[in-house]
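Any read-out appearing in this document is the output of simple, stated calculations on the displayed coordinates, not a laboratory observation. Just so it is clear, the model here is predicted, and its values are computed rather than measured. With ideal geometry, Cβ positions are generated from the backbone for all residues, glycine too; neighbour counts draw on all protein chains shown.
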Amino acid sequence: MGNIQVEIRLFAYLRELLPSESRGVKKIEVKDCLTIDNLMDEVGIIEKEIMIVMINGIRKLDYNESLKDGDRVAIFPPVGGG
Amino acid sequence: MDRYSRNKKMISPDEQEKLSESKVVILGVGGLGGYVVEMLTRIGVGNLILVDFDKFETTNLNRQIISREDNLGLSKVGEAKKRVEAINSEIEVTAINKRISVNNIDAIIKGADIVVDGLDSSGLKKTVERSCAENNIPMVHGAIGGWAAQVAVIMPGDFILDKIYKGDDLENKMGNPSFTPALAASIQTGEVIKLLLGKGEVLDKEILYIDLEYNSFTKLKV
């Protein structure tokens with residue numbers, strides 16, 4: 001098993017999980033069997049179930065899905081204030 | 001009419017008449033809802049139903065346009081109604097001083113052309129989405145948190161909020177500044193006007209997610 005590269009893009013308060021100079025976007029190398037769930041663990045996202053996860057522009061609800069080389073992963077925390 | 005002369009280049013006299021005959025329910029007249037009330041009043045939507053159970057307090061002053069130092073402690077809908085009447089006496093405005101629930105929402109929105117969501121509880125927002133579906137009324141959703149805002153047009157049966165709000169009410173981790181509610185409310189108001197007049201394109205089965213800290217505007221097909 002080799003490694004793959006994915007781009008992770010975090011929004012709103014999730015940006016704080018990446019170094020500030022990254023502005024919420026980072027390319028990272030991960031194992032090629034890594035799932036969305038594993039990736040969120042690696043980045044430090046705790047409340048996974050409330051997030052809107054988009055891979056290459058398509059919403060993903062099954063976090064057991066494995067990532068592929070070149071995937072663009074965007075994670076949005078929904079807001080609810082009025 | 002001079003009042004609407006500056007609307008004219010984008011809203012024809014017939015369309016202005018259509019707006020004056022339209023009925024919009026605004027749920028919550030705090031951050032989002034206050035601005036929506038202001039804009040719908042000025043543009044000339046003829047029948048506004050305002051719903052909120054709360055009273056203005058000091059912590060509202062940083063963002064809620066209808067709140068002032070001299071109306072703290074007074075009912076939000078009562079004050080919002082006065083503001084509508086002071087700006088545009090042609091508008092028929094009804095203030096409903098009630099907390100929304102599954103038991104009263106159907107009666108509140110009945111007969112509306114559009115329901116605007118200015119609520120601050122994700123659970124209640126989902127209750128409204130279900131009621132709008134059952135009553136066949138489009139819902140214009142908005143929500144904010146810190147630098148982030150989201151807006152969606154939910155046509156009856158789309159159930160967008162069911163797909164993004166899981167479990168309990170979301171905790172607001174990011175606060176409520178003055179400019180994100182104003183921005184989300186402006187986009188919501190634009191969607192209301194397009195829906196009422198059948199103009200342009202409205203958000204369709206998607207959420208417009210805005211993160212002003214880095215100026216990103218993203219449409220999410222959820």
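Counting neighbouring beta carbons within 10 Å and listing from fewest to most, the residues B:Y35, B:Y165, B:Y4 come out as B:Y4, B:Y165, B:Y35. Modelled spin labels at B:L61 and B:K163, positioned 7 Å past Cα toward Cβ, are 4.3 nm from each other.
Going 7 Å from the Cα of B:R130 along its beta-carbon direction, which residues of segment B:101-115 have the amide nitrogen within less than 20 Å of the resulting point? In segment B:101-115, the label zone of B:R130 (backbone N under 20 Å from the point 7 Å along Cα→Cβ) covers B:101-111, B:115.
For Cα pairs less than 8 Å apart in space and 6+ apart in sequence, what is the mean separation divided by the residue count of segment B:12-221, i.e. the relative contact order in percent? Walk me through the intermediate numbers first.
Working: 438 pairs, mean separation 43.9, N = 210.
21 percent.
Shown here are the Rg and Dmax of the Cα trace of segment A:3-76, at 11.1, 31 Å. Take each residue in B:160-166, count the other chain C-beta atoms within 10 Å of its C-beta, and the mean is 3. In this Cβ point-charge picture (+1 for Lys and Arg, -1 for Asp and Glu), the protein assembly as shown has a dipole of about 540 debye about its Cα centre.
Can you give the average number of partner chain beta-carbon atoms within 10 Å of each beta-carbon in peptide B:210-222, as a whole number? Before the final figure, lay out each step's value.
Numbers: counts 3, 9, 1, 6, 6, 0, 7, 0, 6, 1, 7, 4, 6.
Across the residues of B:210-222, the mean count of other-chain Cβ atoms within 10 Å is 4.
Please figure out what share of the DSSP beta bridges in chain B is antiparallel and state it in percent, rounded to the nearest 5.
On the way: 17 of 34 bridges.
The answer is about 50 percent antiparallel.
Using C-alpha pairs below 8 Å separated by at least 6 residues, the relative contact order for segment A:1-78 is 43 percent. Put in line by how crowded their Cβ is, counting other Cβ atoms within 10 Å and starting with the fewest, B:T180, B:T127 read B:T127, B:T180.
Across the residues of B:147-157, average count of Cβ atoms on other protein chains within 10 Å? Could you put the intermediate results ahead of the total?
Working: counts 5, 8, 3, 6, 0, 0, 0, 0, 0, 0, 0.
What the average comes to for B:147-157 is 2.
For the protein assembly as shown, the pair-distance distribution built from all alpha carbon pairs, in bins 10 Å wide starting at 0, is 6, 27, 31, 21, 11, 4, 1, 0 percent.
I'd like the FRET efficiency for B:N215 and A:D69, computed as 1/(1 + (r/R0)^6) with the beta carbon distance as r and R0 of 25 Å, rounded to 0.05. So, using R0 = 25 Å, E works out to roughly 0.25. Shape class of segment B:148-190 from the Cα gyration tensor (axes a ≥ b ≥ c, square roots of the eigenvalues): oblate, since a/c reaches 1.5 or more and a/b does not exceed b/c.
When B:C132, A:C33 are sorted by how many other C-beta atoms sit within 10 angstrom of their C-beta, beginning with the fewest, the order is A:C33, B:C132.
Build a GNM of chain B with springs between Cα atoms under 10 Å apart, and of B:E38, B:E129, B:E85 the one that fluctuates most is B:E85.
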